[in-house]
1. Would you call VAL167 farther than 17 Å from ALA99 by Cβ, among the β-branched types (Val, Ile, Thr) and touching a strand residue (DSSP E or B) at 6+ places or on another chain (Cβ under 8 Å)?
2. Got at least one residue in segment 66-80 being surrounded by 14 or more Cβ atoms within 10 Å (Cβ to Cβ) and outside any helix (DSSP H, G or I)?
3. Can you pull out every residue in segment 29-52 that is hydroxyl-bearing (Ser, Thr, Tyr) and either part of a loop (DSSP other than H, G, I, E, B) or in contact (Cβ under 8 Å) with a residue 60 or more places away in the chain (or both)?
4. Which one of these is in contact (Cβ under 8 Å) with a residue 60 or more places away in the chain and either charged (D, E, K, R) or more than 23 Å from LYS196 (Cα to Cα) (or both): ALA157, ALA149?
5. For residues that are exposed (fewer than 10 other Cβ atoms within 10 Å of the Cβ) and among the hydroxyl-bearing types (Ser, Thr, Tyr), scanning just segment 18-51, find the one that is nearest to PRO70 (Cα to Cα).
6. Of the residues ALA56, ALA99, only one is exposed (fewer than 15 other Cβ atoms within 10 Å of the Cβ) and at pLDDT below 90; which?
7. Go through segment 105-168 and tell me which helices (runs of 4 or more DSSP H), entirely inside it, have 1 or more residues that are in contact with a Pro (Cβ under 6 Å, 6 or more places away or on another chain).
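The values are calculated or read from the model by the stated rules, or taken from the named source; none is laboratory data. Treat the numbers as computed from the prediction; the structure is a model and nothing was measured. With ideal geometry, Cβ positions are generated from the backbone for all residues, glycine too; neighbour counts draw on all protein chains shown.
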Amino acid sequence: MNISHSKYRCIFSIKPAPSPKTEDPKEAVFKSLTNPIGSLPLHDLVKSGDKVLVIADDHTRPTPQQLVIPPLLDYLNKAGVPDRDYWQGLKPESLAAMAVRPGGIIIIYGRFLEGVSSINNELDSYGKLNKAQIDSIVREGIVTDGASAGALYQHCAVRERATIMCVSDGISKEQAESLGLIKIASIDEALEAALKIKEGDAEIGIIEEGGEVVPYLSIVPEEDA
């Protein structure tokens, strides 16, 4: 914006100071969290097992969330706050269900280093229940946490739509069974098992970054029409 200073009685002109380009965004985020302004380091404010709510601004702000959020989560992981359990796998699992026909097979691959959930045990305890059974334990007050109830309904909806095979070093065979999943050692073995179930007549789709990608199908399967 150009204004003639000689025409108006302008006593100051302020603009943001130029910022140096950050060559390593991840390191810059780590440094800011370790040495914040007017606060203790984040690792001194959280402890193992804490629940942390991360709030990000929306698309109307220029914050590069794709550069900030991943290192923030890594930092919290190192501080003992988990985000890598099967609970986090419900989102990609549910999105995958949007791209599979009823009676199909979903192969979910993830490390899930924290197991099923380090905070909520309802999914591990009641993961095999059907909708009517979940209705019952919610109504009877056995499950009172809204997030846990929602996770159970979400997981149930996917299981009712498709068979779920799980490839993960963090989920044991017993845990997989408690969730109504089929534990498979590798992606190749899971594909072979799926093709055997479908007698070789199957089309395969791959969703990378499963928790961030929403499948959009231009043709609705006949079973869903």
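1. Spelling it out, VAL167 is indeed farther than 17 Å from ALA99 by Cβ, among the β-branched types (Val, Ile, Thr) and touching a strand residue (DSSP E or B) at 6+ places or on another chain (Cβ under 8 Å).
2. Yes, that holds for at least one residue.
3. SER39, SER48
4. None of the other options fit; the residue is ALA157.
5. SER48
6. ALA56
7. Fully inside segment 105-168 and qualifying: 146-161.
A quick yes/no check of all residues on (1) surrounded by fewer than 18 Cβ atoms within 10 Å (Cβ to Cβ); (2) among the aliphatic types (A, V, I, L, M):
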| position | (1), (2) |
| --- | --- |
| ASP124 | yes, no |
| ALA132 | yes, yes |
| ILE137 | yes, yes |
| ALA157 | yes, yes |
| ARG161 | no, no |
| GLY170 | yes, no |
| GLN175 | no, no |
| SER186 | yes, no |
| LEU191 | yes, yes |
